[in-house]
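We did not get these values from a lab; they are worked out from the coordinates using the rules stated. All values derive from a computational prediction rather than experimental measurement. Cβ placement follows ideal geometry from the backbone for every residue including glycine, while neighbour counts extend to all protein chains displayed.
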Ligand code: 13P
């Protein structure tokens, strides 16, 4: 049985005091929520403070990105996976579509970041998903398969089993236009079948595949009830404790 993950990606939001206020508000709302792993991904500037504030709680912390370089070195502006682990992060988001779209992230750079993250014992949340033009051109399967296979290229079954994959169709991010549970579920099934083909059925059954793109308290339940959806990566609705807690505390979860 895969343990669901509900993760909040704060993107470039929250000054330090706002970030602290948000987690202090969130903590009591999810203190008894043990049915899933709860993760928040603050901006870099708030990471250490948030890790300290959440230490010993049931909320884990993710960074939104990490360097593709393992170890240390002359890489100005980069933050290594080891540094993130050192301050208390458990997860790191890799190759979010905004990094692919605006900052030149590729499947190849994602592969290096996944290796760096795994090498530092961080759990990567590897993002994949097609944009609207690709969907309209009937390229969903091809694009997502390529992102999965190239991103995870050369990784061992053991390494792949630790990775969380987030399917985030670009056309659903921040648009209020959620993929239907059927659409999401079919792509999640495709991802799992490709994982099974390359790394074995046992590994494929272990990998959590999250859905992201306009997840809200109103649609989480239907998404979680769909086959192969193991949680959510939430943007906008994770910026308020009330709405994020309602997503974490989705009910009627039954498969
Ligand atoms: P929204 O929930 O704001 O659509 O963002 C999704 C996302 O990009 C999470 O990483």
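Note: the chain, Cα convex hull, 118 Å³ per residue. Every pair of different Cα atoms in segment 119-165 enters the Kirkwood calculation, which places the hydrodynamic radius at 11.9 Å.
Could you give the length gained on full extension between residue 44 and residue 153, defined as 0.36 nm per residue of separation minus the Cα-Cα distance, in nm? Difference between extended and current length: 36.5 nm.
On the basis of the beta-carbon distance and an R0 of 35 Å, residue 69 and residue 24 show a calculated FRET efficiency of 0.50. Computed on segment 119-255, the Cα convex hull volume stands at 111 Å³ per residue.
Treating each Cα of segment 27-99 as one equal point scatterer and applying the Debye formula with no solvent, the log10 of I(q)/I(0) at q = 0.26 Å⁻¹ comes out as -1.22.
Summarising the label geometry, the points placed 7 Å from Cα in the beta-carbon direction at residue 206 and residue 242 lie 4.2 nm from one another. Inter-part distance, segment 155-229 to segment 1-73, computed on C-alpha centroids, equals 20 Å.
Taking only the alpha carbons of segment 87-180, we obtain Rg and Dmax values of 13.6, 44 Å in that order. Comparing segment 30-71 with the 2.2 N^0.38 Å rule of thumb, its C-alpha radius of gyration ratio is 1.34 (two decimals). Taking 0.36 nm per residue of sequence separation and removing the Cα-Cα distance, the residue 218/residue 251 pair yields an extension gain of 10.8 nm. Inter-label distance, residue 145 to residue 112: 2.8 nm, where each label sits 7 Å from its Cα along the C-beta direction.
Helix-only arithmetic for the chain: the sum of -39500 (n - 2.57) across DSSP H runs with n ≥ 4, divided by the residue total, places the mean residue ellipticity at 222 nm at -13000 deg cm²/dmol.
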